[in-house]
2 protein chains.
Amino acid sequence: MTEASPTVPRTGKLRLGLFIQIAGHHIGGWRLPEAARPGENLALGRQIAQIAERGLLDMLFLGDSLSTSAASSPSLITRFEPLTFLSALAATTRNIGLVATASTTYGDPFNTARLFASLDHLSGGRAGWNIVTSSSGSAALNFGLVERPGVHDRYERAEEFVEVVKGLWDSWEEGAFPRDKTTGTYVDPSRLHVLDHAGKHFSVRGPLNVDRSPQGHPVLVQAGSSEDGITLGARAAEVIFTAQPTLPEAREFYDKIKRRTAELGRDPERLLVMPGVMPIIGRTREEAQELFEKLQGNIDLPLALAVLSGELGHDVSGYPLDAPLPALPPTTGTVSRAELLRDMAERENLTLRQLALRAAAARGHHILVGSPTEIADVLQEWFEARGADGFNLMPPFFPGGLELFVDLVIPELQRRGLFRTAYEGTTLRANLGLDVPANRYTAARG
Amino acid sequence: MTEASPTVPRTGKLRLGLFIQIAGHHIGGWRLPEAARPGENLALGRQIAQIAERGLLDMLFLGDSLSTSAASSPSLITRFEPLTFLSALAATTRNIGLVATASTTYGDPFNTARLFASLDHLSGGRAGWNIVTSSSGSAALNFGLVERPGVHDRYERAEEFVEVVKGLWDSWEEGAFPRDKTTGTYVDPSRLHVLDHAGKHFSVRGPLNVDRSPQGHPVLVQAGSSEDGITLGARAAEVIFTAQPTLPEAREFYDKIKRRTAELGRDPERLLVMPGVMPIIGRTREEAQELFEKLQGNIDLPLALAVLSGELGHDVSGYPLDAPLPALPPTTGTVSRAELLRDMAERENLTLRQLALRAAAARGHHILVGSPTEIADVLQEWFEARGADGFNLMPPFFPGGLELFVDLVIPELQRRGLFRTAYEGTTLRANLGLDVPANRYTAARG
């Protein structure tokens, strides 16, 4: 077993993704004078992608949801559909990975396999798929369902869905298209394979009508932290996004999912754990603290309570603001997210008002306020203590919050030998150090 | 009624779209020495888009199908998924429209509304949706259906699907996002509308999680030529693509769909009829004829018979090659397409071999072989005789087949006053002369 324990000194580079929410990850970020005007704005998206690529980040990551309301966080009310947005960015970037979220509950395997294979071709091998099961009840109403399916059903469907997608990605072997002008041989039919999948949730014949893409399979990403989510991640994912507010919790999660991966017979080093982190950066600690206070001062309390209610899956707007969070009925939303916030409130003895302000600031993710050196210290500590293989960066506002990280923290990480000084390759797999999966039919040929 | 009759002299400009099939529309096109190597190749796509934009064409059009086999026409075996491909091209073009095909039978209205709204934002208002109902039985097998739904059911579903999508596109009124940094007002909830659609095929609550896009509604395109297809086109479409091999047939179709549009209370001038045309261009007629013969000589007869069998919905590979097409059982494919080819065989007294070579060359579309002047003459004749409001160009190979048209035929059409000398605007609607539809809620407010 290659799983390492925290007593072995850690070498290697950490991974850095950029989680894009165009109005900023902090709910008050867009109100800063220096924040760009958000909205469905490709020019801003291109600017963000260029800064991220200048910083040699591994990937851009687009979250998603399949419903909205005016009471959402500004970044989440409306937004680009992730696959179309990242396809546009594929045309104006060269090295950075492009990870889009797509649902296994409200999508279907044939279209999903196609969309990601197409993005992988468009980007020359930089696509990743963040597999989600869409826990929101309001999403169900946009797809003709009165009630959302239960978590276990969603994950059972997700597992089969992912298997079908991977099967479709193997439809064509390398060399299936000789395209010989002289002989007129365009295709070699012996390298085309029909999947003929018939399972509990899906019957999909195949083959896929997209050629095998540069990465073979786009990189699989997963972010569910429930027991079912961890099992799917350990079985299928190559990158795990997660919300971990403290190092002890991060280490516990890291250890658990790596063990689960090894138990399933996979190499745990081929599963990269990347917690979210919101870096609030100043040239000095005081400057950073001042920025954080400005951001917190921009929070509208009713909106913060609405966001907290969404995260907890229960309306808490009627409870006393300056008392602790009362006992609540079981969540109607994501169980692991509600637990994270309830644990945080208990651990730090927060009032409802304080919890709402924290939830609105970073939705339970780790907030890191400090100078570039202090930020690098914490990232290094988490990396070396095996709480993280890298981080999913959540700048509080765009583009300035990202620029501060790229211009001030990245050089510090590079000085410490913790981050690359040039891209290793042109595909996301090459940059993450992940192999291209063998085509199952080529492998069977021997 | 504004519908014009052929006796009134016609003024105005004709519309030109580019139907992209990256291996060329002629089945032997890719084998020409000057043809680019096809495949999922963004660089070639960008080059094609730039030539089309240099030629001031109205739009790029991507067809689609949801299944494949090695016996398909080379352009159709594998290809980019249209929405991701056009999103990438949106980032590298400025004026040209981007029309993607998407199915109402194997998609759902919420995702479809989102994808096209997103493309419309990414392109600054250049998106169009070619609405198809996917007649292929092999597509059904990729989506868990043993039998494809019947044509009438598919079109009934399509009509409701389109209504839901249009409703979702009206979710947000103009001005819904003040994004006022000082007051903290990001959204104006009074300009957000919940669709709450509950119909026979779909229950979709809404609202859409994409802001209203630059064109309000992406341009609606339709290409079905069955009775149900014509009705859907007349009711909902703004552009009609169609295969019309001769002027009399084109005039009959044009007149029929314009009349149907007027009967439904719409202005028939707001419905643009654009037949496909494959221009085989030489500097002289002899040069063009020589190119055509070279292309026809590149056709592989078994593949041509497979393509013809697909178009007829019946395997004809076992029949005598040099006898007329025998009587066949009802098609298992698209009825109007099978009829078109049977009519062509009868009208021109073609043997099975000749029909297969014709079907493989342009799938029943009009093939036009000649010098630039001769090609312009025919396009002008069809336009002035109201057989067409414009054409969907199907170059036999890429990029050269398109370059010949842009460099030789476009200037000739411009000299005759039949084609623009600069783009009228930056949106597809502006260039096609189509209004932006009013938001239904804004209109109801008065």
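The values are calculated or read from the model by the stated rules, or taken from the named source; none is laboratory data. Note that the structure is a prediction, hence the values are computed from the model and not measured. Neighbour counts are summed over all protein chains in view; Cβ atoms, including those assigned to glycine, are modelled from backbone coordinates with ideal geometry. Surface areas here come from the heavy atoms of the whole protein model, side chains and all, with no ligands, DNA or RNA. Shrake-Rupley method; radii C 1.70, N 1.55, O 1.52, S 1.80 Å.
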Q) Longest segment of chain B with no GluC sites (Glu not before Pro) in a DSSP loop having at most 12 other Cβ atoms within 10 Å? A) B:175-347
Q: With viscosity set to 0.890 mPa s and temperature to 25 °C, compute the Stokes-Einstein D of the protein assembly as shown, Rh being the Kirkwood radius across alpha carbon pairs; µm²/s, no decimals.
A: 85
Q. Hey, could you pull the Cα Rg and Dmax for segment B:19-68, both in Å?
A. 11.7, 33
Q. Out of the DSSP beta bridges found with both residues in chain A, what percent are antiparallel (nearest 5)?
A. 15
Q) Around residue A:17, with a cut-off of 13 angstrom between Cβ atoms, what is the net charge of the other residues, counting Lys and Arg +1 and Asp and Glu -1? A) -2
(Q) Mean-square fluctuation check for chain B, GNM, Cα pairs under 10 Å: which of B:200, B:181, B:258 is largest? (A) B:181
(Q) Excluding ligands, DNA and RNA, what is the accessible area buried between chains B and A, summed over both sides, using a 1.4 Å probe, to the nearest 100 Å²? (A) 5700
Q.
For a 26 Å ceiling on Cα separation, which of these pairs sit above it: B:256/B:294; A:166/A:200; B:166/B:258; B:13/B:294?
A. B:256/B:294; B:13/B:294
Q) Whole-Hz Karplus ³J(HN,Hα) for segment A:402-416, in order, using 6.51 cos²θ - 1.76 cosθ + 1.60 and θ = phi - 60°, x for Gly and Pro? A) 6, 4, 4, 5, 5, 7, 10, 8, 4, x, 5, 5, 5, 4, 7
(Q) With an 8 Å Cα cut-off and a minimum separation of 6 or more residues, compute the relative contact order for chain B in percent. (A) 24
Q | C-alpha center-to-center spacing [segment A:419-435, segment B:297-372] in angstrom | A | 51
(Q) Let me check against my output: what whole-number percent is the relative contact order of segment A:130-226, with C-alpha pairs under 8 Å and at least 6 apart? (A) 30
Q. Nearest 10 degrees, 0 to 90: what angle lies between the long axis of helix A:335-347 and the longest principal axis of chain A (Cα atoms)?
A. 30
Q. If you take the square roots of the eigenvalues of the alpha-carbon gyration tensor of segment B:66-199 and sort them as a ≥ b ≥ c, do you get rounded (a/c under 1.5), prolate (a/b over b/c) or oblate?
A. oblate
Q | Integer Hz, Karplus 6.51/-1.76/1.60 couplings in order for segment A:208-219, x for Gly and Pro | A | 6, 9, 10, 4, 3, 8, x, 8, x, 10, x, 5
Q. Using 0.36 nm per residue, how much length does the chain from residue B:414 to residue B:346 gain when fully extended, once their Cα-Cα distance is taken away?
A. 20.7 nm
**Q.** Anisotropy class of segment B:1-142 from Cα gyration tensor, a/c 1.5 cut
**A.** rounded
(Q) How much length would be gained if the chain were fully extended between residue A:323 and residue A:180, taking 0.36 nm per residue of separation minus their Cα-Cα distance, in nm to one decimal? (A) 44.0 nm
Q: Go through segment A:121-136 residue by residue and turn each phi into a ³J(HN,Hα) via Karplus (6.51, -1.76, 1.60, θ = phi - 60°); whole Hz please, and just put x for glycine and proline.
A: 5, 4, 9, x, x, 10, 8, x, 10, 8, 7, 10, 10, 6, 7, 6
Q. Computed over the Cα atoms, what is the radius of gyration of segment B:353-446 divided by 2.2 N^0.38 Å, N being its residue count?
A. 1.47
Q: Show the residues, 5+ positions off or on another chain, whose built amide H is closer than 5 Å to the amide H of residue B:60.
A: B:18, B:97, B:98, B:99
Q. Share of segment B:257-317's accessible area from carbon and sulfur, percent, 1.4 Å?
A. 46
Q. What's the long-distance tail for chain A, i.e. % of Cα pairs beyond 42 Å?
A. 13
Q. Mind checking the angle between helix A:42-54 and chain A's longest principal axis? C-alpha axes, 0 to 90 degrees, to the nearest 10.
A. 90
Q) Length gain on complete extension for the stretch residue A:284 to residue A:270, per 0.36 nm per residue less the alpha carbon to alpha carbon distance? A) 1.3 nm
Q. From the square roots a ≥ b ≥ c of the eigenvalues of the alpha-carbon gyration tensor of segment B:249-386, which class results: rounded (a/c under 1.5), prolate (a/b over b/c), or oblate?
A. oblate
Q. How far is the Cα center of segment A:234-258 from the Cα center of segment A:172-206, in Å?
A. 37
Q.
Can you show me the helix-derived [θ] at 222 nm for the protein assembly as shown, built from DSSP H runs with n ≥ 4 at -39,500 (n - 2.57) apiece and divided by the number of residues, rounded to the nearest 500.
A. -11500 deg cm²/dmol
(Q) Using only Cα atoms and rounding to the nearest 10 degrees, what angle (0 to 90) does helix A:227-236 make with the longest principal axis of chain A? (A) 40
